[in-house]
Amino acid sequence: MTLTKPKTHRLSSNQRKRLGQHHRQQSRHYSKPYWPYLPVFAVLIGGTIFNTMANRNHHSVLGYSTDISPKALLQQTNGVRVSYHEPALQLNPDLTAAAQAKANDMVKRNYWNHLTPDGKQPWTFIVTTGYQYEAAGENLAYGFGSSDQVMTAWMDSKEHRANILDADYQDVGFATADAPNYMGTGPGTVIVAMYGEPTGMISHSTGGFTSKPVPLGAYTKQVTRLQLIDSTYWAALAVAVAAGSVLTLYFIRHALAWHRVLVRGEHFFVRHPLLDVLLMSAAVFCLLLSQIAGTIL
């Protein structure tokens, strides 16, 4: 009879890490504590800081928008109209005064509506200036950081786009008003645009001197950062699916790790910790895209 020494089953490196046996080798690499959540927390904190800085990127010390002006809005509007083969609008002093009065009133009385708190139509401000019109329109916005963001948001809304591209409008007035705490959202800038077709002009849509209904935004629409880049349904769906997928994968990985700890008595161990950082970074990126960039009405 020949006696043979039984073979010793060697544990894999992953098994030794789970059981904590890698500490016995006094390896400098594995002697350090394993903190898989520290990089994840760093990603979350970094995302929060980036979001705060992004919100202040186009704002002054007081938090008011500094890259929104009537001149820039006029350039943006006429650029869009020309691209749609519509004549450029003229900046009218009466409509500008009416828009400024409406913006100041909204900030002073802290309301967000086409109608004033006492039920007055926005055209009351136009009539006060003496501007005579066949038709008029109004676009409202607040919370945005630049004129191109305002224009992108308006153009992605059917009712607001109708005002911008109306062939009968010849005049426009833009105004901004700063509020220290507008509608409880903190410092912000209210933007008002008033469009007008002067009295006595032939309507391109009807061919006569007829007054047409005034288009007004019926509902407040909050615009996300993603919508400023791509307003399609599929873009929003893709971001939602991506965020859900990476978070699900992250929680599955860590649920299995904690299951081994609580059920099998192994030490906590997750393979490829860099993957956790990438997953959480993707989730934070999707979250940043879903943040509100501004509001229109």
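The values are calculated or read from the model by the stated rules, or taken from the named source; none is laboratory data. Only a predicted model underlies this, so the values are computations on that prediction, with no experimental measurement involved. Here the Cβ positions follow ideal geometry from the backbone for every residue, glycine too, while neighbour counts run over all protein chains shown. Just so you know, the surface numbers come from the protein's heavy atoms only, side chains and all, with ligands and any DNA or RNA stripped out. Shrake-Rupley method; radii C 1.70, N 1.55, O 1.52, S 1.80 Å.
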- Task: Work out from phi, with θ = phi - 60° and the Karplus expression 6.51 cos²θ - 1.76 cosθ + 1.60, the ³J(HN,Hα) of each residue of the stretch 111-120, listed in order in whole Hz, and give x for Gly and Pro.
- Result: 10, 10, 6, 5, 8, 6, x, 8, x, 7
- Query: Based on the mean of other beta carbon atoms within 10 Å per residue, what is the order of 172-183, 268-279, 132-143, 111-122, most packed first?
  - Reply: 132-143, 172-183, 268-279, 111-122
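In Å², and per residue, what accessible area does the stretch 82-151 have when probed at 1.4 Å with the other protein chains present? Mind dumping the intermediate values first?
Numbers: 3170 Å² over 70 residues.
With the other protein chains kept in place, the stretch 82-151 gives 45 Å² per residue.
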- Note on the structure: With L279 itself left out, Lys, Arg at +1 and Asp, Glu at -1 over residues whose Cβ is under 14 Å from its Cβ give +1
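Taking Rh as the Kirkwood radius, which is the inverse of the mean 1/r over Cα pairs, what is the Rg/Rh value for the stretch 134-194?
On the way: Rg = 12.6 Å, Rh = 12.5 Å.
Reported Rg/Rh, Kirkwood definition of Rh: 1.01.
Net charge near T224, counting Lys/Arg +1 and Asp/Glu -1 over other residues with Cβ under 12 Å of its Cβ?
Values: positive: K221, R225; negative: D156, D230.
Summing Lys/Arg as +1 and Asp/Glu as -1 gives 0.
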- Item | Cut-off under 5 Å, modelled amide H: who pairs with Y133 long-range | T199
- Placing each pseudo-label 7 Å from Cα in the direction of the beta carbon, L237 and T220 end up separated by a distance in nanometres of 2.9
- Message: I'd like the carbon and sulfur percentage of the solvent accessible area for the stretch 255-297, probe radius 1.4 Å, heavy atoms only, ligands and nucleic acids excluded.
- Response: 71
- Label point distance in nm, L256-K158, each placed 7 Å from Cα along Cα→Cβ: 4.7
